[in-house]
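The values are calculated or read from the model by the stated rules, or taken from the named source; none is laboratory data. Source: prediction; values computed, not measured. Here the Cβ is made from the backbone with ideal geometry for all residues, glycine too, and neighbour counts use every protein chain on show. With ligands, DNA and RNA removed, areas are computed over all heavy atoms of the protein, side chains included. Shrake-Rupley method; radii C 1.70, N 1.55, O 1.52, S 1.80 Å.
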Amino acid sequence: MTSKSLTAERELAIPAPSRTFEDLDAMVALYELRIFRFLIASVRDHDLAQTLTQETFFRAWSARESFRGDCAPATWLMRIAINLVRDHTRTGRFKFWKKASASAVEASEVADHLPHHASSAESALIARQQLELVWQAVAQLSDRQRTVFLLRFVEELDLPEIAATTGMPISTVKSHLYRALETVRKRSTNKQSPKQFKDKHPSERSTR
Amino acid sequence: MNDLTTHLTAAQLDGILIGDTNSAALAHIESCPTCAAELDTTRSSITLFGEALTSMAQNERSRLAPRPTLIDSFSAKRPIRRLTATLALAASVAIVATVVPFGHLMPPPAVKTPPPVPVSSVQSDEALLNEIDQQLSASVPAALAPLEDPTDPTGGQTSTTPSNANNKKD
């Protein structure tokens, strides 16, 4: 058997990228939690996050022929989810219903899901307060800042992955991340007591 | 940078969190407990955020996902309950069948055709119409004759005056 025919056999054995999404159940089992987590943190609405998660997988399956395998399936799915969030949050209807939605996610609801690492009740209370402040701070970010913040610190993607997912240059991703972190740090520490302010790191005091 | 009297700026600390690494900043963090503590504070807040989100998403997914194992165990281990449930379902269907009218299931009513009109009634109607026509085309009755010609100076007064006079006398 020649080396040319061996290569051809190997190529046949590797499934085509467009077939990656043929088994939709397997893709859902692998990536649903990640996509749903990103969506619920982005839109902050249970029902809408659920709908957009289903829509993400439906679109991926519908456009499976166009998946060339030049990125990971997770990256491709996340890109679809980001586009869906952008399309939905742009509309005035979304902004209107967000204010009146009964399924909106509140900071206290997220805090109820805190893992119990705290050794004392006081530590648990402080952790809860910290989380609520971060949740509110993330809500104040711009759409792009929130997206890169979530991808970096919740989905734990590195900078090149975030750039590939969002389609932004790495320098832009970094810029958004720096601004997002600055906002989160400022807003989550502004409500601390004067005593805590005195104990702060010198560089942080100088930034205010 | 390893001078402990000079601490890292907020941007340098953020750079470490972002992954925009700077070897000098990393070296300083290892030797400066103040900066390390500051970095840990921000990092722990963000980590809490991620953990809580993950936990919430997992709970939500498990709540929405179907639970075939529970259904299987219910049907396999509890035959009496299954029989009870079947009987309850049959009873409820019977009650609904009794209470709810089935008008919508019946065939639509036939279009009512008007009953044939008897010939005698047609003839009597025609006779009545002819009589009305004759009355309309007839000459003015005698009692209303003075009104027919308003130019007659005596018309109308002769017939009404005596009666008025009689009324006044009474």
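Annotations for the structure displayed:
- The residues on offer are A:50, A:54, and the sole one that is farther than 20 Å from residue A:135 by Cβ, at pLDDT 80 or above and surrounded by 13 or more Cβ atoms within 10 Å (Cβ to Cβ) is A:54.
- All conditions but one from (1) in a loop (DSSP other than H, G, I, E, B); (2) at pLDDT 90 or above; (3) open to solvent by 50 Å² or more (accessible area, probe 1.4 Å) apply to residue A:141; the one that does not is (3).
- Some residue of region B:45-54 being among the charged types (D, E, K, R), modelled with pLDDT of 65 or more and under 23 Å from residue A:139 (Cα atoms): yes
- Any chance residue A:170 is in contact with a helix residue (DSSP H, G or I) (Cβ under 8 Å, 6 or more places away or on another chain), free of Cβ contacts under 8 Å to residues at least 24 places away in the same chain and buried (at least 20 other Cβ atoms within 10 Å of the Cβ): no
- Of the residues in region B:31-39, not one is more than 7 Å from chain A (Cβ to nearest Cβ), closer than 16 Å to residue A:158 by Cβ and in a helix (DSSP H, G or I).
- Unmet requirement for residue A:107, which otherwise passes all of (1) within 15 Å of residue A:39 (Cα to Cα); (2) open to solvent by less than 30 Å² (accessible area, probe 1.4 Å): (1)
- Here is the figure for region A:187-208: residues that are surrounded by 12 or more Cβ atoms within 10 Å (Cβ to Cβ) and either at pLDDT 85 or above or not charged (D, E, K, R) (or both) total 8.
- Some residue of region A:20-29 being at pLDDT below 85 and in contact with a Gly (Cβ under 9 Å, 6 or more places away or on another chain): yes
Table: residues versus (1) modelled with pLDDT of 85 or more; (2) under 13 Å from the mean Cα position of the chain (by Cα).
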site	(1), (2)
A:17	no, no
A:69	no, no
A:73	yes, no
A:83	yes, yes
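- Every residue from region B:6-30 that is among the β-branched types (Val, Ile, Thr) and within 7 Å of chain A (Cβ to nearest Cβ): B:9, B:18
- Selection status of residue A:125, of a type outside the set (S, T, N, Q), in a helix (DSSP H, G or I) and open to solvent by 40 Å² or more (accessible area, probe 1.4 Å): yes
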